[in-house]
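**Q** Take this structure, written in structure tokens, and hold onto it; I'll ask about it next.
The values are calculated or read from the model by the stated rules, or taken from the named source; none is laboratory data. In this text the structure is predicted, and so the values were computed from the model without any measurement. Reconstructed Cβ throughout: ideal geometry from the backbone, glycine too, with neighbour counts over all protein chains shown.
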Amino acid sequence: MMKKQILLLVFCAGWIWFPVVAGTEITPVADGQAITETNKIDLEGKFETGGFRSGGDAVTAEIQGNVIVAMFHKDVGNLLVTLTNDAGDTVYAVTVNTSEQLQAFVPLSGLPSGIYTITFSNNSGSMYGDFEI
């Protein structure tokens with residue numbers, strides 16, 4: 001009986017001294033390569049959200065590989081998410097319900113190199129930012 005208690009004690013001590021560490025890479029992606037770098041898109045503008053959680057940005061966005069990951073930190077209702085190229089043409093548009101989704105993925109594959117603007121908008125305001133691919 002004593003051997004089982006010692007073995008259990010040693011096993012539990014291993015968890016304390018050798019914890020499992022999860023990697024920070026995001027995998028998989030369409031081409032099978034790991035994403036190790038992200039590029040934050042600086043967004044300007046704001047939404048009139050009111051309430052107790054009125055501080056901080058309602059939306060943040062970053063480029064991860066060939067997608068933009070948009071994170072919704074506040075419920076601002078339905079948002080129209082658009083991508084426009086430097087000529088002002090809309091190349092992508094989708095409506096996202098931030099009451100139900102905490103993030104959205106905007107595909108960039110197939111778009112030619114250039115400067116683009118991503119915009120998140122509704123009746124409460126808008127946030128937008130430029131990025132290059």
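**Q** Would you confirm, using the coordinates I've provided, whether Thr98 is in contact with a strand residue (DSSP E or B) (Cβ under 6 Å, 6 or more places away or on another chain), hydroxyl-bearing (Ser, Thr, Tyr), surrounded by 15 or more Cβ atoms within 10 Å (Cβ to Cβ) and closer than 14 Å to Ile41 by Cβ?
**A** no
**Q** Follow-up. Scanning segment 33-84 for residues that are among the aromatic types (Phe, Trp, Tyr) and either farther than 20 Å from Asn122 by Cα or more than 17 Å from the chain's Cα centre (by Cα) (or both), which turns out modelled with the highest pLDDT?
**A** The selected residue is Phe47.
**Q** Suppose we keep only residues that are part of a strand (DSSP E or B) and hydroxyl-bearing (Ser, Thr, Tyr) within segment 105-133. Which one would you say is surrounded by the most Cβ atoms within 10 Å (Cβ to Cβ)?
**A** The residue in question is Tyr116.
**Q** Mind checking which residues of segment 107-130 are of a type in the set (A, V, I, L, M) and without any contact (Cβ under 8 Å) to a residue 40 or more places away in the chain?
**A** Leu111, Ile115
**Q** So Lys74 clears everything in (1) touching a strand residue (DSSP E or B) at 6+ places or on another chain (Cβ under 9 Å); (2) part of a loop (DSSP other than H, G, I, E, B); (3) surrounded by fewer than 15 Cβ atoms within 10 Å (Cβ to Cβ) except one condition, right? Which one?
**A** (3)
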